[in-house]
Each structure stands twice: as structure tokens, then as C-alpha cells.
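**Student:** Here it is: the structure, laid out below.
The values are calculated or read from the model by the stated rules, or taken from the named source; none is laboratory data. As the structure is a computational prediction, the values presented were derived from the model and not from experiment. As a convention, Cβ positions derive from the backbone with ideal geometry for all residues, glycine included, and neighbour counts pool all protein chains shown. Accessible surface areas use protein heavy atoms only, side chains included; no ligands, DNA or RNA. Shrake-Rupley method; radii C 1.70, N 1.55, O 1.52, S 1.80 Å.
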Amino acid sequence: MADERRRGLLVDFGGVLTSVVFLPFQAFCAAEGLSPDTVAQRFRADPSARDLLAALETGEIDEAEFEPRFAQLLGVGEPAGLIDRLFAGMRPDEAMLDAVQAARRAGVRTGLISNSWGHGRYDRSQFPELFDGWVISGEVGLRKPSPEIYARGAEAIGLPPADCVFVDDLPGNLKPARELGMATVLHRSAGETIPQLERLLGVSLAPA
């Protein structure tokens, strides 16, 4: 019903507005002579790798400190440019970018909540046409799944959390958003996500 429609759309960046994150990781592993799931397995099973990533995402350490330490965990000999190599194959998801723009044109408040891998990782020239507000983890010292970063995302677009839909490609990042009252969408593809958003937001997200 109309009164159940959400007025705000908050999205993740990597893996939602871009191609799948773990595919470039696999390509990186192949290029470095590693098992294809080495990067993913480190983050799943190695607490030191997770702690290192958390420190990078919150801005506690920078790329220059992260890269040699993570290269050592991976067994990679050349740390310089490691983050760029990890994400070399990632591309924009044009269908999702078009959907966010369509939502904004339809009067939906739109925003970004992203865990960052250092500085300069976003094309900010696009932000003003895509978003009413954004929260980048390294700039606020918080990262998903900390509940506060979702509250800040809603605040950045001028809405209470219960008026928002949040989209992320990681299930663990959705639970805190739901607990704040947000509707959530687990992103797997634009073809699956966009119809769900049209239903939750009550607007067409067809490109202009």
C-alpha cells in the first residue's frame, strides 16, 4: 500500500553499484599464482586479515600500511599497488547506477553507505547526480556492520531509518539495518534487485 512505501534508498558501493567484488579477487589470485579463493579465504578464516581490513576501512591505517601487511598474509612478493591490483577487474554496474538515478528523479532520497579501502577509491564526480548524501567508512571511523553507520546514512539523506531501504551484497551487512527498521535487499544482480526496489519504493526505476 502507498503508506508502506519507503522514501529513501541507501546502497552499498562495491558489489552493488559495481560488478561482483570477488571475481576481481579471483583474477588477482590467478595473476599472482595463488589459489583462486586465497583472498576470500583469508577474510573468511584468518582473524588477522579481517582485523587488518577493518583497520583500513575505518581509516585507522592507510593503504601504505595495509598493502605490505596484507601482501605478507597472502604470500605476495610485491606489495606496491596491491589494492589497485585486487580491484583491477571491477566495473560499474550501469543498470544499478541507472536505477539509483531513476529513484532520485522519482523523488526518492538516495544515499551511499560504503566501507572504503583507503582514499580516492570513488568517482566522486558522479555523487551529486546519484546521491542526496553519503557516508564513507574511512571518513567517519565506522564500518558496516556497526549499527551507527546505518543511522548516519539515514541521517545523511534526511530520513529516519524506518523510511529507508538498504541494499548490500553481503548478508551480514543487512541484519543491523533491519534491526533499525530499514527494509533490506540482498543484491545478487540488477535483474533481481530492481523489481524488489520498485515494489518497496513504489516507483518505476526504468532508465530515462
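**Student:** Among residues belonging to segment 31-45 that are in contact (Cβ under 8 Å) with a residue 12 or more places away in the chain and either among the basic types (Lys, Arg) or surrounded by 13 or more Cβ atoms within 10 Å (Cβ to Cβ) (or both), point out the one that is farthest from ALA88 (Cα to Cα). Talk me through it step by step, then tell me what you get.
**Tutor:** In the first step, residues of segment 31-45 are kept if they are in contact (Cβ under 8 Å) with a residue 12 or more places away in the chain; the result is 31-32, 34, 38-40, 42.
Next cut, either among the basic types (Lys, Arg) or surrounded by 13 or more Cβ atoms within 10 Å (Cβ to Cβ) (or both) only: 32, 34, 38-40, 42.
Details: GLU32: 13, LEU34: 16, THR38: 16, VAL39: 14, ALA40: 16, ARG42: 19 Å.
Filtering segment 31-45 for residues that are in contact (Cβ under 8 Å) with a residue 12 or more places away in the chain and either among the basic types (Lys, Arg) or surrounded by 13 or more Cβ atoms within 10 Å (Cβ to Cβ) (or both), the one farthest from ALA88 (Cα to Cα) comes out as ARG42.
**Student:** Considering ALA27, ALA54, ALA95, which residue is assigned to a helix (DSSP H, G or I), touching a residue at least 60 places away in the same chain (Cβ under 8 Å) and closer than 30 Å to ALA208 by Cβ? Give the steps one after another, and end with the answer.
**Tutor:** On the way: ALA27 fails: closer than 30 Å to ALA208 by Cβ; ALA54 fails: closer than 30 Å to ALA208 by Cβ.
Of ALA27, ALA54, ALA95, the one residue that is assigned to a helix (DSSP H, G or I), touching a residue at least 60 places away in the same chain (Cβ under 8 Å) and closer than 30 Å to ALA208 by Cβ is ALA95.
**Student:** Out of the residues in segment 1-23 that are modelled with pLDDT of 95 or more and outside any loop (DSSP other than H, G, I, E, B), state the one that is nearest to ASP123 (Cα to Cα).
**Tutor:** That would be THR18.
**Student:** With the requirement that a residue be more than 20 Å from PRO171 (Cα to Cα) and surrounded by fewer than 18 Cβ atoms within 10 Å (Cβ to Cβ), what does segment 9-30 give you?
**Tutor:** Matches in segment 9-30: ALA27, ALA30.
**Student:** Criterion first (modelled with pLDDT of 95 or more and more than 16 Å from the chain's Cα centre (by Cα)) does GLY107 satisfy it?
**Tutor:** On the way: modelled with pLDDT of 95 or more: yes; more than 16 Å from the chain's Cα centre (by Cα): yes.
Yes; evaluated as a whole, the condition is true for this residue.
**Student:** Same structure, new question: Within segment 57-113, how many residues turn out to be hydrophobic (A, V, I, L, M, F, W, C) and open to solvent by 60 Å² or more (accessible area, probe 1.4 Å)?
**Tutor:** The initial filter retains those residues of segment 57-113 that are hydrophobic (A, V, I, L, M, F, W, C), namely 61, 64, 66, 70-71, 73-74, 76, 80, 82-83, 86-88, 90, 95-97, 99-100, 102-103, 106, 108, 112-113.
From what is left, the residues that are open to solvent by 60 Å² or more (accessible area, probe 1.4 Å) are 64, 80, 88.
The number of residues fulfilling the criteria is 3.
**Student:** Pick from segment 180-208 the residues that are outside any helix (DSSP H, G or I) and of a type outside the set (A, V, I, L, M, F, W, C): which of them is nearest to LEU97 (Cα to Cα)? Walk me through it before giving the result.
**Tutor:** Narrowing segment 180-208 to residues outside any helix (DSSP H, G or I): 180-189, 202-208.
Narrowing the set further to residues that are of a type outside the set (A, V, I, L, M, F, W, C) leaves 181, 184, 187-189, 202, 204, 207.
Details: GLY181: 25, THR184: 18, HIS187: 13, ARG188: 15, SER189: 12, GLY202: 18, SER204: 14, PRO207: 10 Å.
Among residues in segment 180-208 that are outside any helix (DSSP H, G or I) and of a type outside the set (A, V, I, L, M, F, W, C), the one nearest to LEU97 (Cα to Cα) is PRO207.
**Student:** Which condition number in (1) over 22 Å from PRO176 (Cα atoms); (2) without any contact (Cβ under 8 Å) to a residue 12 or more places away in the chain; (3) of a type outside the set (Phe, Trp, Tyr) is the one that GLU148 fails?
**Tutor:** Result: GLU148 passes all but (1).
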